[in-house]
Structures are given as C-alpha cells and as structure tokens.
Amino acid sequence: MPVLTLALGKTLGTRQDDGVLPFTTVRVVGASMEPTVRNGHWWIVGKRASRRPGDVVLLRHPLRPHLNVVKRLDHRTGDGWWVLGDNPDMSDDSREFGVVADELILGRLLWRYR
C-alpha cells in the first residue's frame with residue numbers, strides 16, 4: 001500500500017497579517033517524495049508563489065481534507081493539477097485520487113532549512 005508524504009507545520013503570521021507574511025513552514029513525514037524531499041526535512045512554503053509543472057507543492061489531500069501532503073505538479077488539466085510523488089512505489093497521488101483542484105494547492109516548497 002502506498003504511503004503519504006505528510007506535511008506538518010505552522011503558518012507564519014495570522015489571518016489578520018496574511019498579506020504581510022505569505023509563508024508557512026512544514027516538516028515532511030514519509031518517503032513518497034524521496035530522494036528530492038526527505039523524511040524529517042523542514043521547508044518554507046510560499047503560499048502565493050507561482051506554480052508550474054515540475055514544482056513541488058504543499059496540498060490538501062482531496063479525499064482527506066484534514067491532511068496536507070507534498071507532491072510534484074505533473075501537468076495541468078481542465079479541472080486542476082495531476083500530481084505525482086517522486087517515489088512512485090511509495091506514493092499515494094493522482095493515480096489514486098485523481099486531479100487536484102486549484103484551491104487545494106496551498107503553496108510551493110521554496111527552501112529547505114533543516
């Protein structure tokens with residue numbers, strides 16, 4: 001059974017200052033994005049960063065809305081994005097849950113900081 005790469009983190013700033021600090025931090029849990037994004041790595045995510053195929057993004061799981069995951073944008077469809085894990089044998093991705101709507105994409109991973 002594929003596993004998920006989860007993203008645990010906290011938002012920098014509050015809803016009131018969302019326009020000031022458009023970033024969040026996440027700690028990756030799982031192997032579905034290895035070797036690019038490894039278990040235990042911390043990342044800064046740009047919530048307003050542009051997105052294009054090939055980018056690694058933080059998204060809300062389409063079937064489990066309480067769960068944030070990290071995946072790679074593969075290609076755009078009329079309804080959203082097809083996303084894949086870099087480690088296909090260990091990934092629960094669009095092959096399992098289909099296209100991800102734009103509003104479920106929370107941001108793009110920008111920098112690893114620990």
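Taken over the range 12-47, the residue count meeting the criterion of being modelled with pLDDT under 90 and over 17 Å from Arg114 (Cα atoms) is 10.
Consider the range 62-114 and keep the residues that are among the acidic types (Asp, Glu) and buried (at least 20 other Cβ atoms within 10 Å of the Cβ). The one that is modelled with the highest pLDDT is Asp93. Considered as a group, the residues in the range 56-79 that are outside any loop (DSSP other than H, G, I, E, B) and of a type in the set (D, E, K, R) include one that is nearest to Phe23 (Cα to Cα), and that residue is Arg60.
Selection over the range 83-96 of residues that are within 20 Å of Pro35 (Cα to Cα) and out of contact with any Leu (no Cβ under 8 Å at 6 or more places or on another chain) gives a count of 7. Return the residues of the range 80-106 that are in a strand (DSSP E or B), without any contact (Cβ under 8 Å) to a residue 60 or more places away in the chain and not β-branched (Val, Ile, Thr); say none if nothing qualifies. Gly80, Trp81, Trp82, Leu84 - these are the residues of the range 80-106 that are in a strand (DSSP E or B), without any contact (Cβ under 8 Å) to a residue 60 or more places away in the chain and not β-branched (Val, Ile, Thr).
The values are calculated or read from the model by the stated rules, or taken from the named source; none is laboratory data. Computed from a prediction, not measured in an experiment: that's the story for all the values here. Cβ sites come from the backbone with ideal geometry, for glycine too, and all protein chains shown count toward neighbours.
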